[in-house]
Amino acid sequence: MNIQIPRGTQDILPGEVEIWQHIEKTAKEVCERFNYQEIRTPIFESTELFLRGVGDTTDIVQKEMYTFNDRGQRSLTLRPEGTAGVVRSFVGNKMFGLPSQPVKLFYTGPMFRYERPQAGRMRQFVQFGVEALGSADPAIDAEVLSLVMSIYKQLGVKNLKLVINSLGDNESRNAHREALINHFKADIQDFCSDCQERLEKNPLRILDCKKDADHPLMQSAPSILQYLTDESRAYFEKVTYYLDQIGLDYVVDPTLVRGLDYYNHTAFELMSEGEGFGAITTLCGGGRYNGLVESLGGPSTAGIGFAFSIERLIMALKAQNEVPDLNQPLDCFIVTLGEKAKDKSVELLYTLRQNGLRADKDYLDRKMKAQFKAADRLNTKFTAILGDNELEQGFINIKNMETGSQEEVSLEEFCTYLSREIQGGREK
Ligand code: HAM
């Protein structure tokens, strides 16, 4: 019996992997331009980290974590997101003490959530994320937002809507929380059991409920923006001022609630409005989390970040036919005729590769015609043809596959000749 791939996971095969590499490379380049540095943290962490970090009333912690005991009976969890691990590392490595502040980091890697799989919702997915720790300047909020928008722009993703909201500080949130409880309390029995539970624990999450989305009380629910303290309002206004200044389009949506508990002040999501994109339209999410470092044992430190999955980004590119052709042609394929030529080709091939060329040869003892076919399939720029006769006379035939022209080149000059030709082609 064949063993099946686990539900909600995928293999990324050659042909598809190039688009992944392209996205990772582009995102990394943009981050470096914004002066963010890469961090790599473990794929599994202590379960406790996510209970405290992500929040024990969230769907992620309650329903979606891959949690297991290791052989030493420690409870570990495959990371469902990257922020908690980065903050744990920030605290553990005392990065708050580094001379260069704020600490601006980016990361990429697989995350795991036990969700119901569908297009754009996987159980293993790859996030690219950014965290800026150590500054409560609203200009950093604008920087982080402009960073993610730059990545999407550079990759050619269109029809994007940036939705932002402020969740305020603790005081704003507490006042809003009270207002929400009062608003829903009398009719809470009309809501799903999850919402009934959320009422006292985390009423903000009711606003994010899919099952009860059409309930009239949802529309009339008090908006957080009405409960912002003067300070929180001023902060949010400064963020939008900077966004306006740099000309970044956004929509303020006071109903935007994020699925993780650590947020305060600025929260945002990036949605796709493209046609044919599918049901899940959120491409990216993030926000400010000024209390998280402290709740994980560090000094009071401001933080903000975002993450998007590469799976959803590729969906957006595919929906608008923006996937570039990334197949790299081969520089040279060596075709041989005769035993001696075949033996010699091993050395020639090695030399080409040592000199930076993408080169290959036949390994299946194919007839000459089939070797040419293999070269064609690889879309090679040049084919080098070596027979026992040519070998004896010390030269090799090089065919330019684009023009069809053919030249005899001495074996000593073979590599230099090809390098020059390839270089010339690149510069054209
Ligand atoms: P999140 O909204 O839970 O936030 O996830 C961020 C992004 O990860 C989503 O917008 C989506 O692109 C992707 N994503 C989430 N779940 C799945 C899934 N099952 N399949 C495919 N893609 C998925 C966070 O994770 C926060 N850590 C973001 C953040 C960073 N906030 C501050 N810093």
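The values are calculated or read from the model by the stated rules, or taken from the named source; none is laboratory data. A quick note: this is a predicted structure, and the numbers were derived from the prediction, not measured. All Cβ positions, even for glycine, are placed from backbone atoms using ideal geometry, and neighbour counts span all protein chains on display. Side chains included, ligands, DNA and RNA excluded: accessible areas come from the protein's heavy atoms. Shrake-Rupley method; radii C 1.70, N 1.55, O 1.52, S 1.80 Å.
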Quiz item: Given a 1.4 Å probe and the protein chains all in place, what does the accessible area of Glu115 round to, in Å² to the nearest 10?
Solution: 40
Exercise. Return the carbon/sulfur percentage of the accessible area of the chain, one whole number, probe 1.4 Å, all protein chains in place.
Key: 47
Practice problem: Leaving ligands, DNA and RNA out of it, rank Arg288, Arg377, Arg121 by accessible area with a 1.4 Å probe, largest first. | Solution: Arg377, Arg121, Arg288
Practice problem: Would you rank Ser272, Ser300 by solvent-accessible area, highest first, keeping every protein chain in place and using a 1.4 Å probe? | Solution: Ser300, Ser272
Quiz item: Sorted by accessible area with a 1.4 angstrom probe, largest first, how do Asp362, Asp376 fall?
Solution: Asp376, Asp362
Self-check item: Nearby aspartates and glutamates by direct alpha-carbon distance to Lys104 (threshold 15 angstrom, same-chain neighbours under 8 apart not counted)
Solution: Glu29, Glu32, Glu38, Glu131, Asp137, Asp141, Glu143
Quiz item: lysines within cross-link reach of Lys381: Cα-Cα under 17 Å, excluding same-chain residues under 8 positions apart?
Solution: Lys361, Lys373, Lys399, Lys428
Practice problem: Over the chain, average the accessible area per residue using a 1.4 Å probe and give it in Å², no decimals. | Solution: 52
Quiz item: Going toward the positive end of the dipole of the chain, with +1 on Lys and Arg Cβ and -1 on Asp and Glu Cβ, which of Tyr242, Leu411, Ser272 do you reach last?
Solution: Leu411
Quiz item: When we measure straight from the Cα of Lys158, which lysines land under 25 angstrom away, once same-chain ones fewer than 8 places off are left out?
Solution: Lys25, Lys28, Lys318
Quiz prompt | Local electrostatic count at Tyr242 - Lys and Arg +1, Asp and Glu -1, tallied over other residues with Cβ under 12 Å | solution = -4
Quiz item: Which residue, Leu228, Leu217, Leu180, has the most motion in a Gaussian network model of the chain that connects Cα atoms within less than 10 Å?
Solution: Leu217
Practice problem: Report the relative contact order of segment 89-175, percent, no decimals, based on alpha-carbon pairs under 8 angstrom and at least 6 residues apart. | Solution: 21
Exercise. Could you check which residue among Leu364, Leu51, Leu378 shows the biggest mean-square fluctuation in a GNM of the chain with a 10 Å Cα cutoff?
Key: Leu364
Quiz prompt | Unsatisfied cross-links (Cα-Cα over 20 Å) in the set Lys340/Lys369; Lys201/Lys238; Lys342/Lys369 | solution = Lys201/Lys238
Practice problem: Report the full-extension gain for the segment Ala119 to Arg33: residue separation times 0.36 nm, less the Cα-Cα distance, to one decimal in nm. | Solution: 27.7 nm
Quiz item: Which Cα, out of Asn170, Gln73, Val323, lies furthest along the positive dipole direction of the chain (beta carbon charges, K/R +1, D/E -1)?
Solution: Gln73
